[in-house]
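Step one of this worksheet: look at the structure below.
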Number of protein chains: 2
Amino acid sequence: MTNLSILGTGNMGQVIASVAAKGGHNVQQLGVDDLGAPVTGDVVVLAVPYPAVADVIAQRGEQLAGRVVVDITNPLDFETFDSLVVPADSSAAAEIAAALPQSRVLKAFNTTFAGTLAAGNVGSLPTTVLIAGDDADAKATLAAIVTSGGLKAIDAGSLKRARELEAVGFLQLTLAANEKVSWTGGFGVAA
Amino acid sequence: MTNLSILGTGNMGQVIASVAAKGGHNVQQLGVDDLGAPVTGDVVVLAVPYPAVADVIAQRGEQLAGRVVVDITNPLDFETFDSLVVPADSSAAAEIAAALPQSRVLKAFNTTFAGTLAAGNVGSLPTTVLIAGDDADAKATLAAIVTSGGLKAIDAGSLKRARELEAVGFLQLTLAANEKVSWTGGFGVAA
């Protein structure tokens, strides 16, 4: 059993909480009004939109030291839907890792819509959470949470692969926004 | 019925030829020994590895003027499997389009392994060819070839999205090389 803190109470925060609870883990969920409550989880999911991450780091950066921090963001320019707002050779996860040098940062959950995390499938394929990061133990801990909650998990490599995961998330969002796929579909992973 | 030329006789060239032939299209397949034979197809698939594209353009660039040119490459650094060899803010497709200003360049087939094009499915999902490009008619022509051959096709947006398609292809290749998915699996698309 892992102690998990989820910062954010939106769709993604709720469904990740639900997956973890289903797996029997302790879940602390904190919203913007809970600034007084310290983070207690060994694994902390930043379930806020990318533009809000800087505030969370400013507010809670010290609390995140020593913990596994999971970045789920898709740092799109939502005005144009035509690019990301992070440098082309970097990623939101890399920027967060640079800002939190005492945390073990993972990228995960950004390639799975909330609807597919809730349903457990992407069309006829089981929902698979792709996890990138530089710390094997941290990745294994998160993968165990995901699989105990009934989903599949794949180690997608080092944190450098967050760049590709964010490209997948970006592309998938444009496909859904353009009604090429539904918000309960998108990219599935076949073993 | 469309006249299709495929430059390249490897796995991908063969299977794309097979898909097009199944759809009732005329297929001309040209290998490295066929330099004397002019390209005749209205749609030309560059089914060669990325490092060979520059040679093909040098040899046949003038013949490609006025035609739809399909880039299927994944421009990986195959020594490190850790990056692409094109600039981070660009794509192989964008570079090919710049080199062939009189062709209508599309990106397609780089997110589908040869095995999934041949089988018609990615696990339990139908194989879907993602097509990016700036010319709607060219995309529709290629999509018609793909669907007539029994596969699905999705318009993935402008040629700028080739950057994301190449990230998907890159990530998928690393997952297969690391045995996280098989060469007959990978990313499927659920509507």
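A few comments on the model shown:
- Relative to the other identical copies, A:ALA58 shows label-point distances of 5.4 nm, where the label point lies 7 Å from Cα along the Cβ direction and values run shortest first.
- Look at the stretch B:80-88: the mean tally of other chain Cβ atoms within 10 Å of its residues' Cβ atoms is 2.
- Under 5 Å from the amide H of A:VAL122 lie the amide H atoms of A:THR127, each residue being 5 or more positions distant or on a separate chain, with H modelled from the backbone and absent for Pro and chain starts.
- Peptide B:119-131 is shielded by partner chain Cβ atoms: per residue, an average of 3 of them sit within 10 Å of its Cβ.
- Taking θ as phi - 60° and the Karplus parameters 6.51, -1.76 and 1.60, the scalar couplings of region A:139-144 work out to 5, 5, 4, 5, 4, 5 Hz in sequence order, x denoting glycine and proline.
- Environment charge of A:ALA97, counting only residues whose C-beta is closer than 15 Å and scoring Lys/Arg +1, Asp/Glu -1: +1
- Across peptide B:168-174, the mean count of Cβ atoms from other chains lying within 10 Å of each residue's own Cβ comes to 5.
- Position A:SER158, label points 7 Å along Cα→Cβ, spacing to each other copy in nm (shortest first, one decimal): 3.3
- Chain B: Rg to Rh, with Rh as the Kirkwood radius over Cα pairs: 0.93
- Copy-to-copy label separations for B:ALA119, where each label sits 7 Å from Cα toward Cβ, in nm and ascending: 2.2
- For region B:109-166 versus region A:65-128, the gap between their alpha-carbon centres in whole angstrom: 25
- Length added when fully stretched, B:ALA98-B:ASP137, from 0.36 nm per residue minus Cα-Cα: 12.1 nm
- The sum of -39500 (n - 2.57) across all DSSP H runs of n ≥ 4, divided by the residue count of chain B, sets its helix-only mean residue ellipticity at 222 nm to -10500 deg cm²/dmol.
Where a number appears in this text, it was derived from the coordinates with a stated rule and is not lab data. None of these values were measured; they are calculated from a predicted model. Reconstructed Cβ throughout: ideal geometry from the backbone, glycine too, with neighbour counts over all protein chains shown.
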